[in-house]
Amino acid sequence: AGRLILDTFLSPDPAAGLASLAAELRQRASARLVTDLSWTRLTRWRALLAQIFENEIYRRQIPHFSEINVCYECVAEGRVPPTALLLAGWLASTLGWRAAGEPALRFERPGGDARLLFRWQQAHWPMGRLASFELISREEPAARIAVARTGEACGEVSVEVAGLEPVMNRVSLARSNDVLLLGEELSIYRPDPVFEQSLGRALEIAQRLGSLQGEQR
């Protein structure tokens with residue numbers, strides 16, 4: 001087959017699912033395209049953030065972000081869903097963050113240190129789902145950008161920059177079914193280097209997060 005479409009959302013162990021996906025990417029022949037529906041679920045989230053940075057004032061804040069908070073909903077705290085890990089990997093790699101030493105989720109960025117936090121909200125979702133994320137800069141002018149799901153088909157985007165009026169918009173954030181996700185993936189004919197970079201960073205984050213959770217136990 002020239003195409004392999006996986007869904008790490010269904011993996012009992014998200015970190016193991018991402019590791020298997022990364023192994024498939026490394027082993028693929030030049031004619032084989034490997035993709036993950038967990039990444040496809042992030043298309044709308046990523047597009048909302050990209051739209052924010054079409055504003056030059058907000059775009060100038062990008063080098064100054066030093067904190068990423070990713071919130072997920074799940075029955076159990078220890079299961080961080082692949083969508084949350086891939087989103088964190090995408091943000092960290094796009095911002096140019098590099099893994100640092102202890103604590104486990106500390107990073108180095110151009111201009112200083114940075115950190116990544118996962119926040120858990122208890123919900124009835126056994127496999128977990130992404131609830132929100134935010135980027136924070138504590139340098140002057142301080143800034144906060146957040147995207148959050150507020151319903152099954154809607155969300156909220158908020159931008160706060162010191163010295164400017166806060167902006168909040170309600171947006172469409174509908175859930176995709178498997179048919180729509182497959183259709184989106186089958187319309188892509190070339191490897192996605194952004195996905196591959198994000199996957200590599202997500203796997204690194206999952207492994208470090210697993211080590212941190214092991215120490216806490």
Reported set for region 116-134 where residues are open to solvent by 80 Å² or more (accessible area, probe 1.4 Å) and either without any contact (Cβ under 8 Å) to a residue 12 or more places away in the chain or in a strand (DSSP E or B) (or both) is R119, W120, Q121, Q122
How many residues are more than 19 Å from the chain's Cα centre (by Cα) and among the hydroxyl-bearing types (S, T, Y) when one looks only at region 32-77?
1
For residues in region 164-203 being among the hydroxyl-bearing types (S, T, Y) and not in a loop (DSSP other than H, G, I, E, B), which is farthest from P14 (Cα to Cα)?
S172
State all residues of region 73-93 that are more than 19 Å from T40 (Cα to Cα) and surrounded by 15 or more Cβ atoms within 10 Å (Cβ to Cβ); if no residue qualifies, say none.
C74, R79
Tell me, yes or no, whether region 99-115 has at least one residue that is within 21 Å of V157 (Cβ to Cβ), open to solvent by less than 50 Å² (accessible area, probe 1.4 Å) and at pLDDT 90 or above.
no
How do the pairs read when you match residues in region 52-72 that are surrounded by fewer than 19 Cβ atoms within 10 Å (Cβ to Cβ) with residues anywhere that are in a loop (DSSP other than H, G, I, E, B), using Cβ under 6 Å and keeping only pairs 6 or more apart or on different chains?
R59/F53
For I188, work out the one condition from (1) more than 19 Å from the chain's Cα centre (by Cα); (2) over 17 Å from W90 (Cβ atoms) it doesn't fulfil.
(2)
Quick one: would you say V167 is more than 20 Å from C74 (Cβ to Cβ), surrounded by 14 or more Cβ atoms within 10 Å (Cβ to Cβ) and touching a residue at least 24 places away in the same chain (Cβ under 8 Å)?
no
Having 1 or more residues that are among the small types (G, A, S) and closer than 19 Å to D192 by Cα is the bar; report the helices (runs of 4 or more DSSP H) wholly within region 1-84 that clear it.
14-27, 37-40, 43-52
Residues S176, S172, S137: which one is out of contact with any Pro (no Cβ under 8 Å at 6 or more places or on another chain) and crowded, with 16+ Cβ neighbours inside 10 Å?
S137
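The values are calculated or read from the model by the stated rules, or taken from the named source; none is laboratory data. From a predicted model like this one, the values you see are computed outputs, not experimental measurements. With ideal geometry, Cβ positions are generated from the backbone for all residues, glycine too; neighbour counts draw on all protein chains shown. Calculation scope for accessible area: heavy atoms of the full protein, side chains included, ligands and nucleic acids excluded. Shrake-Rupley method; radii C 1.70, N 1.55, O 1.52, S 1.80 Å.
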